[in-house]
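A short write-up of the structure that comes next.
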Amino acid sequence: MKQVYNFNAGPAALPRQVLEKAKEEFLDFDDTGISIMEHSHRGKHYEAVHEEAKNLLKGLLSIPDDYEVLFLQGGASLQFAMIPMNFMRPDEQPGYILTGSWSEKALKEASKFGEVKEIVSGKAGNYTSIPEVPSLSQDEYSYVHITSNNTIYGTQWPSFEGIEHPFLIADMSSDILSRRIPVNKFGLIYAGAQKNLGPAGVTVVIFRKDAAERANQGIPAILSYKTHIKNRSLYNTPPTFSIYLLKLVLEWAKGHGGLEALEKRNEEKAQLIYDAIDESQGFYSGHAAKNSRSLMNITFTLKNEELTKQFLKEAEAQGFYGLAGHRSIGGCRASAYNAVPLEACQALRDFMVNFQKKHEE
């Protein structure tokens, strides 16, 4: 196989060790003679996978005992609708903090169920930084929604110290399991798996149990968090193979030092590429302000569109995949999720330095 460096934004790189393990067990899981995909989701073999995945996630993220872990479907996009469907009431108003396209979409979906307050937005500055959050009244909003990392613009909340609310909800699809987080600060955390947790098809929801008591009655059972808590995410057939792979990814993460070690490596990987940008004397320009830079999605542009196209063309020829920026803003983006090895980021840094030497006027 030729050397390939996968910087796709999602679905993203999976650890090679995980893929090898899945390949090994693909036709015969646990000496049963059949694949995990063929096992009943109510049978003991899949049941063990399901519970182990939950326990691994609880351990890695230090999830308190009064929280439930759910494995759902529909991606973060379904959560955009499920959250207001469960928690919006006619006499209450949720608040949304806008830091990019995905938080905009979350607000748009919520507005279909009632009046929604835009607390603060970074849109006027083209989402180059995380906006300063005003003091939030405990009673003013039924819940407050944030997006912790913004894949398109390459910004990330550096911490959550400046935001306080009893029912804080976070979309962590693109940075969950990449750094230590104060889970007990949130009433609900959700994340599509296809960036740091596993393949597309499963969505993780971390839910404070008492938050379920806030949920509305009379909504379809499949869209009620209470349904999935009561049935341990087995109300309907779950995406069994995706959850199996998620378990393997969590085992890999635990075996590589857990969250503290992953965070340290992610900081080191991102710094390599940011250094290439900062030391280029303007040949490369980062989109995100330095105090809001993402460790997961490093966004940058070159001097003009022609040079950008040449950069992407030469990069792909040398095995760098997925470096084109999102179609809505263009430019370049290197997504350095957990499974992207340090060697890939070193190779990209070297390519960027050499490309600049070759094309600098």
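The values are calculated or read from the model by the stated rules, or taken from the named source; none is laboratory data. Here the structure is a predicted model, which is why all the values come from computation and not from measurement. Quick reminder, even Gly has a Cβ in these numbers, built from the backbone with ideal geometry, and neighbours come from all protein chains shown. The accessibility values were calculated without ligands, DNA or RNA, using every heavy atom of the protein model including side chains. Shrake-Rupley method; radii C 1.70, N 1.55, O 1.52, S 1.80 Å.
If you go through the range 283-338 and keep only what is free of Cβ contacts under 8 Å to residues at least 12 places away in the same chain and in a strand (DSSP E or B), you end up with nothing. All but one of (1) at pLDDT 95 or above; (2) part of a loop (DSSP other than H, G, I, E, B) hold for Gly218, so report the exception by its number. The number of the failed condition is (1). Pro134 fulfils the conditions (1) open to solvent by less than 30 Å² (accessible area, probe 1.4 Å); (2) in contact with a strand residue (DSSP E or B) (Cβ under 7 Å, 6 or more places away or on another chain); (3) part of a loop (DSSP other than H, G, I, E, B); (4) more than 27 Å from Pro238 (Cα to Cα) except for a single criterion, (1). Looking only at the range 172-187, count every residue that is outside any loop (DSSP other than H, G, I, E, B) and open to solvent by less than 10 Å² (accessible area, probe 1.4 Å) and tell me the total. Of the residues in the range 172-187, 1 are outside any loop (DSSP other than H, G, I, E, B) and open to solvent by less than 10 Å² (accessible area, probe 1.4 Å).
Could you say which residue among Ser242, Ser233 is out of contact with any Lys or Arg (no Cβ under 7 Å at 6 or more places or on another chain), open to solvent by less than 30 Å² (accessible area, probe 1.4 Å) and part of a loop (DSSP other than H, G, I, E, B)?
Step by step, each of Ser242, Ser233 is checked, and only Ser233 is out of contact with any Lys or Arg (no Cβ under 7 Å at 6 or more places or on another chain), open to solvent by less than 30 Å² (accessible area, probe 1.4 Å) and part of a loop (DSSP other than H, G, I, E, B).
When Gln3 is tested against (1) part of a loop (DSSP other than H, G, I, E, B); (2) polar (S, T, N, Q); (3) open to solvent by 90 Å² or more (accessible area, probe 1.4 Å); (4) at pLDDT 95 or above, just one condition goes unmet, and that condition is (4).
Out of the residues in the range 258-313 meeting the condition of being acidic (Asp, Glu) and closer than 25 Å to Lys195 by Cα, tell me which one is surrounded by the fewest Cβ atoms within 10 Å (Cβ to Cβ).
Step one: filter the range 258-313 for residues acidic (Asp, Glu), giving 260, 263, 267-268, 275, 278-279, 305-306.
Of the ones still in play, those that are also closer than 25 Å to Lys195 by Cα are 260, 263, 267-268, 275.
Details: Glu260: 10, Glu263: 18, Glu267: 12, Glu268: 14, Asp275: 13.
So, considering only residues that are acidic (Asp, Glu) and closer than 25 Å to Lys195 by Cα, the one surrounded by the fewest Cβ atoms within 10 Å (Cβ to Cβ) is Glu260.
Test Ala317 against the criterion of being open to solvent by 70 Å² or more (accessible area, probe 1.4 Å) and among the small types (Gly, Ala, Ser), and give yes or no. For Ala317, the condition - open to solvent by 70 Å² or more (accessible area, probe 1.4 Å) and among the small types (Gly, Ala, Ser) - is met. Quick check: is even one residue across the range 62-82 over 17 Å from the mean Cα position of the chain (by Cα), part of a helix (DSSP H, G or I), within 30 Å of Gly114 (Cα to Cα) and of a type outside the set (Val, Ile, Thr)? Yes, the range 62-82 contains at least one residue that is over 17 Å from the mean Cα position of the chain (by Cα), part of a helix (DSSP H, G or I), within 30 Å of Gly114 (Cα to Cα) and of a type outside the set (Val, Ile, Thr).
For the range 109-131, taking the residues that are without any contact (Cβ under 8 Å) to a residue 12 or more places away in the chain and open to solvent by 50 Å² or more (accessible area, probe 1.4 Å), the one that is nearest to Pro166 (Cα to Cα) is identified as Ser111. From the list Tyr190, Tyr153, the lone residue that is closer than 26 Å to Asn338 by Cβ, in a strand (DSSP E or B) and modelled with pLDDT of 95 or more is Tyr190. Please determine, by comparing only the residues of the range 83-103 that are among the polar types (S, T, N, Q) and open to solvent by 10 Å² or more (accessible area, probe 1.4 Å), which one is nearest to the chain's Cα centre (by Cα). The extreme case among them is Ser101.
On the given criteria, is Asn196 open to solvent by less than 40 Å² (accessible area, probe 1.4 Å) and at pLDDT below 95? Give the steps one after another, and end with the answer.
Numbers: open to solvent by less than 40 Å² (accessible area, probe 1.4 Å): yes; at pLDDT below 95: no.
Answer is no for this residue.
Only one residue in Ile243, Ile206 is at pLDDT 95 or above, closer than 16 Å to Asp66 by Cα and in contact with a strand residue (DSSP E or B) (Cβ under 8 Å, 6 or more places away or on another chain). Which one? Give the steps one after another, and end with the answer.
Values: Ile243 fails: closer than 16 Å to Asp66 by Cα.
Answer to the check: Ile206.
Residue pairs whose Cβ atoms lie under 6 Å apart, separated by 6 or more positions or on different chains, with the first residue in the range 155-173 and among the hydroxyl-bearing types (Ser, Thr, Tyr) and the second exposed (fewer than 13 other Cβ atoms within 10 Å of the Cβ) and assigned to a loop (DSSP other than H, G, I, E, B), do not occur.
Within the range 339-358, how many residues turn out to be part of a helix (DSSP H, G or I), surrounded by 14 or more Cβ atoms within 10 Å (Cβ to Cβ) and not hydrophobic (A, V, I, L, M, F, W, C)? Counting residues in the range 339-358 that are part of a helix (DSSP H, G or I), surrounded by 14 or more Cβ atoms within 10 Å (Cβ to Cβ) and not hydrophobic (A, V, I, L, M, F, W, C) gives 3. Checked against the criterion of being of a type in the set (Asp, Glu) and open to solvent by less than 40 Å² (accessible area, probe 1.4 Å), the candidates Glu20, Glu68 yield just one match: Glu68. Would you be able to say whether some residue in the range 85-100 is under 30 Å from Leu248 (Cβ atoms) and touching a residue at least 60 places away in the same chain (Cβ under 8 Å)? Within the range 85-100 (the criterion being under 30 Å from Leu248 (Cβ atoms) and touching a residue at least 60 places away in the same chain (Cβ under 8 Å)), the answer is no, since none of the residues qualifies. In the range 176-199, the residues that are more than 21 Å from Val144 (Cβ to Cβ) form Cβ pairs under 6 Å with partners that are of a type in the set (Phe, Trp, Tyr) and part of a loop (DSSP other than H, G, I, E, B), at six or more places apart or across chains, as follows: Lys195/Tyr337; Asn196/Tyr337.
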